[in-house]
Amino acid sequence: MLELKNVNTYYGVIQALRDVSLHVDEGEIVTLIGANGAGKSTTLMTICGIQHPRSGTILFKGKPIHELPPNEIVKLGISQVPEGRLIFPELTVAENLDLGAFLRRDKDGIASDMEYVFSLFPILKQRIGQAGGTLSGGEQQMLAVGRAIMARPKLLLLDEPSLGLAPIIIQQIFQIIQKVNSDGTTVFLVEQNANQALRIAHRGYVMENGCVTMEDSSANLLASEKVRTAYLGMEA
Ligand code: ATP
């Protein structure tokens, strides 16, 4: 479904991605783990068209997307939940969710997807008229995931959904990600919380200093001495 081939992304003279190659197959949950500053967010922003690679290719369903603007990429079926949630604090829950569907015209589909989001996150239905900025951190993350689902993506990109959340909320969010995947959405999950991410993903990649340094099934990565020492000790 998604393939990055030798992608190099720069911020001015700083090279953030070095020859990154990875792929996500339809139906999978694939995770990209790595330390702070490894280049995980840059990978997502390069897929979404917010940053353009200086060289390399990105194919989505066989079509090159690395020169497209973000709105074209959303239209093709890629939707991102950005790091730090970035919901609209002054808008209500319903308005935030509506914004996720702003490129769609199918009113019935939008209404049924909103019900789907409420079935995943019943608390959002209870908070439907409340301003997004007044929600708890966990609820805001749910809203950010819900808003991305409202675009009805084929591929959902998530940037550190566990960041700053209590363990019980993290578990809930990860269960919902698994549910969304089993309902038919392919997922690419960027996480520092390697333990949780590898527990729900089918496969994973490890990123260090802008390079992909390991690639394997989640079970093998969880069992790997290197991953255990470098990444699994980091979490509470
Ligand atoms: P984190 O988990 O902290 O978000 P990350 O793995 O997502 O880290 P990136 O945010 O992709 O890493 O950063 C990769 C590198 O690019 C880092 O060295 C970072 O300092 C640099 N970088 C990121 N954004 C910019 C920017 N706007 N301008 C210049 N350098 C940047």
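The values are calculated or read from the model by the stated rules, or taken from the named source; none is laboratory data. None of the values given here were measured: they were computed from a predicted structure. Ideal geometry is used to build each Cβ from the backbone, glycine not excepted, and the neighbour counts take in all protein chains shown. Side chains are part of the model used for accessible areas, which takes the heavy atoms of the whole protein and leaves out ligands, DNA and RNA. Shrake-Rupley method; radii C 1.70, N 1.55, O 1.52, S 1.80 Å.
Which condition does residue 66 not pass, out of (1) without any contact (Cβ under 8 Å) to a residue 60 or more places away in the chain; (2) surrounded by fewer than 20 Cβ atoms within 10 Å (Cβ to Cβ); (3) away from the ligand (no atom under 16 Å from the Cβ), if it passes all the others?
(2)
For region 119-133, give me each residue that is in contact with a helix residue (DSSP H, G or I) (Cβ under 7 Å, 6 or more places away or on another chain), in a helix (DSSP H, G or I) and open to solvent by 50 Å² or more (accessible area, probe 1.4 Å).
Across region 119-133, the qualifying residue is only 125.
Taking the options 68, 86, 44, name whichever one is assigned to a helix (DSSP H, G or I) and of a type outside the set (S, T, N, Q).
On the way: 68 fails: assigned to a helix (DSSP H, G or I); 86 fails: assigned to a helix (DSSP H, G or I).
Every option except 44 fails the conditions.
Within region 45-57, can one find any residue that is out of contact with any Lys or Arg (no Cβ under 6 Å at 6 or more places or on another chain), surrounded by 23 or more Cβ atoms within 10 Å (Cβ to Cβ) and either at pLDDT below 95 or within 24 Å of residue 170 (Cβ to Cβ) (or both)?
Within region 45-57 (the criterion being out of contact with any Lys or Arg (no Cβ under 6 Å at 6 or more places or on another chain), surrounded by 23 or more Cβ atoms within 10 Å (Cβ to Cβ) and either at pLDDT below 95 or within 24 Å of residue 170 (Cβ to Cβ) (or both)), the answer is yes, since at least one residue qualifies.
If I go through region 4-44 residue by residue, how many of them are open to solvent by less than 50 Å² (accessible area, probe 1.4 Å), β-branched (Val, Ile, Thr) and out of contact with any helix residue (DSSP H, G or I) (no Cβ under 7 Å at 6 or more places or on another chain)?
4
Which members of region 3-31 meet the condition of being more than 20 Å from residue 74 (Cβ to Cβ), within 12 Å of the ligand (Cβ to nearest atom) and assigned to a strand (DSSP E or B)?
10, 11, 14, 15, 16, 17, 18, 20
How many residues, within region 148-176, are open to solvent by 70 Å² or more (accessible area, probe 1.4 Å), assigned to a loop (DSSP other than H, G, I, E, B) and at pLDDT 90 or above?
Within region 148-176, residues that are open to solvent by 70 Å² or more (accessible area, probe 1.4 Å), assigned to a loop (DSSP other than H, G, I, E, B) and at pLDDT 90 or above number 2.
I'd like to verify a number: residues in region 96-118 that are of a type in the set (A, V, I, L, M) and open to solvent by less than 10 Å² (accessible area, probe 1.4 Å), how many? Reasoning before the result, please.
In the first step, residues of region 96-118 are kept if they are of a type in the set (A, V, I, L, M); the result is 97, 99, 101, 103, 110-111, 114, 117.
This time we only want the ones that are open to solvent by less than 10 Å² (accessible area, probe 1.4 Å), so: 97, 101, 117.
Residues meeting the conditions: 3.
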